[in-house]
Amino acid sequence: MDWIDTSSSIKTYEANFDFEVKVYQEGRTLDDGYYRMKDRATGKYLNSRTMKFETLEGEGDSTAFIWHYTWLDDMERYKIQNHNDSAYLNNEGALTDRVYSKARSSFYLYTLVGGEELECFVRTPERYGSYYWETDGETLVCDQADKMPSDFPFVLEKVTGNGGETGISEAVVRDAAFTVDVTHSGITVTSGSAVGMTVYTMAGSPVMRTRLGAGTHTIHTVPLVPGIYIVRVTDGKTVRSVKFVR
């Protein structure tokens, strides 16, 4: 009887798998200040006038693309206010009027740890469904309840400057005893003391100059020729400059 060799050799293989692990942080993840929100996939920015993600046209620091992020200690969330007319983002991804509601207009912000850019995703409070913001390439989409994004859909780009030809001087914004808000039709200045206001062309030529007392004043810009201007307001100690499009 012939014997059949039933023995066999066992071969072992070593496999290596590489995984990209992204870690996020929550809580107070960024400094209070002014930022542009960019759709990471398209490179377009959220425009407060249209509430769509659009390409920056010409002067990239147009106030329509600038948002003010402020940490709320009592809520442990952020509020997001558009710099163009001071309206707030609400939990539906739309703009409110200027009457602020902490319940409807505050958000959790999660940022990527160790990223080259300030990548993030946003979630609404539990009271409003714990929606995670996404983008469809054009607008904010706020209907993903309890579904964490697979990636970081947004990039925040901080706006800084020295009060000159950049859009906003952050140090002045924080400490100034007055505020300046610019819309399509006018410039609103609120101050506790007298201030001087001058509007310049981009070439540096003054086209409007006035002195304002304490209180809130709105100066109409309708007479100005359409173009890009800088409004500069000073109380003698602090100067704030904002670039705007008429």
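Of note:
- Length added when fully stretched, Asp151-Thr55, from 0.36 nm per residue minus Cα-Cα: 32.4 nm
- On the beta carbon distance between Leu224 and Ala103, with R0 = 51 Å, the FRET formula returns roughly 0.85.
- The gain in end-to-end length when the Arg246 to Asp32 segment is fully stretched comes to 74.2 nm, 0.36 nm per residue minus the alpha carbon separation.
- Each of His217 and Val239 was given a label point 7 Å from its Cα along the Cα-to-Cβ line. The distance between the two points is 1.9 nm.
Each reported figure results from applying straightforward, stated rules to the coordinates on display, with no laboratory input. A quick note: this is a predicted structure, and the numbers were derived from the prediction, not measured. Cβ sites come from the backbone with ideal geometry, for glycine too, and all protein chains shown count toward neighbours.
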